[in-house]
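Readers should treat all values here as calculations from the given coordinates under stated rules, not as data from a laboratory. This structure is a prediction, so every number in the text was calculated from the model and none was measured. We place every Cβ from the backbone using ideal geometry, glycine too, and count neighbours over all the protein chains shown.
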Amino acid sequence: MRDYVVVHGPRTGSVDLATVDAALELYDVDAIGLDRLDRAVLDVLIRRFRGGPVGLNTLAVTVGEEAETIESVVEPYLVRIGFMGRTPRGRVATPEAYRHLGIPHPDGALTLDDL
């Protein structure tokens, strides 16, 4: 964000909402703070693995990222905001994740309470 503001920000030295919005759009960060990788993980979890459960390594390979990156960078935020759960059987997408991505939650899909 700082780099964007240095190059594109107002010359007054203060940052306005329009500049912040433009930077977030450029870096593909949505309204709740999910970036491209966060959304890719959720999308794969939901569309390819029907919401899970799926193992960390399988999830990482599918999105083309290191398992350590998924586990230490992506997963903590998704778990904290309630979009992903960690279970003994693997990662699962919550109904909130489906809603955020605009994907209908299938009847009979697993929830965290089921696992």
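Yes or no, residue by residue, for (1) touching a Pro at 6+ places or on another chain (Cβ under 6 Å); (2) without any contact (Cβ under 8 Å) to a residue 60 or more places away in the chain; (3) surrounded by 14 or more Cβ atoms within 10 Å (Cβ to Cβ); (4) among the polar types (S, T, N, Q):
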position	(1), (2), (3), (4)
19	no, yes, yes, yes
35	no, yes, yes, no
52	no, yes, yes, no
66	no, yes, no, no
72	no, yes, no, yes
84	no, yes, yes, no
88	no, yes, no, no
94	no, yes, yes, yes
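Within segment 27-67, the residues that satisfy the criterion of being among the hydroxyl-bearing types (Ser, Thr, Tyr) and either under 10 Å from the mean Cα position of the chain (by Cα) or part of a helix (DSSP H, G or I) (or both) are 58, 62.
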